[in-house]
Amino acid sequence: MVNQITRVLESGMRHFSFSNKLCGLYYNRLIDKEITMLKVKANDRVLFIGGGAFPYSALYLYQKTKCRIDVIDCEQDVIAGARQFVQKHQANINVFHACGRLVELSAYDHVIVAKQVAPKSEVVNHIITNKPLHTNVIVRTAMQNSLPKPSQIQPLKYSMVKALWLYNH
């Protein structure tokens, strides 16, 4: 239900100029924290899984770091809207239709999984099983105990979402 509401809101919000400021109130501190935790640099490649029609997090990450970002979403009907949003802001971000359970991870230094991604445990298991050793992963989640806990996990609490999980070696 929350995912459906988020989807409708994102589809509408991308059309309004005030949406970035509104989203910034919620997301900017979270994304700043993720940038710090991951130590994202301009030459890094970042995969954002679950960008939706309004990939604000990817845009803000790009504006702050100028890193190379690919956004994927498994719902084909949000891709055109996401691309329009990125083009409108002249951001060098690629948007693709792809499934987080199947995506190739070898090119990425960092992976960020959106809170609304489903089925989250399958996506996270795919990432942890197939990511290169150097790739760091952040998973946004609403509940601290909602993810698998391999030995390399570090739970990192943050106030805007219930928990961020950082997977690294």
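The values are calculated or read from the model by the stated rules, or taken from the named source; none is laboratory data. These numbers were taken from a predicted model, which means no experiment stands behind them. Please note: Cβ atoms are built from the backbone with ideal geometry, for glycine as well, and neighbour counts cover all protein chains shown.
Residue-wise test of (1) under 15 Å from the mean Cα position of the chain (by Cα); (2) under 21 Å from residue 97 (Cβ atoms); (3) at pLDDT below 85.
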site: 19; (1), (2), (3): no, no, yes
site: 28; (1), (2), (3): yes, no, no
site: 39; (1), (2), (3): no, no, no
site: 48; (1), (2), (3): yes, yes, no
site: 71; (1), (2), (3): yes, yes, no
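I want to confirm something. Restricting to region 75-89 and keeping residues that are assigned to a helix (DSSP H, G or I) and of a type outside the set (A, V, I, L, M, F, W, C), which single residue is surrounded by the fewest Cβ atoms within 10 Å (Cβ to Cβ)?
Just the residues of region 75-89 that are assigned to a helix (DSSP H, G or I), to begin with: 76-88.
Next cut, of a type outside the set (A, V, I, L, M, F, W, C) only: 76-77, 81, 83-84, 87-88.
On the way: 76: 8, 77: 11, 81: 20, 83: 17, 84: 14, 87: 11, 88: 12.
Filtering region 75-89 for residues that are assigned to a helix (DSSP H, G or I) and of a type outside the set (A, V, I, L, M, F, W, C), the one surrounded by the fewest Cβ atoms within 10 Å (Cβ to Cβ) comes out as 76.
Out of (1) closer than 15 Å to residue 166 by Cβ; (2) crowded, with 18+ Cβ neighbours inside 10 Å, the odd one out for residue 134 is which?
(2)
Can you tell me which of (1) on the phi < 0 side of the Ramachandran plot; (2) exposed (fewer than 14 other Cβ atoms within 10 Å of the Cβ) is the one residue 47 doesn't meet?
Every listed condition holds for residue 47 apart from (2).
List the strands (runs of 3 or more DSSP E) that sit entirely inside region 90-169 and contain at least 3 residues that are at pLDDT below 80 and not small (Gly, Ala, Ser). Break it down stepwise before answering.
Values: elements: 93-97, 110-113, 136-141, 153-156, 163-167.
It comes to 153-156, 163-167.
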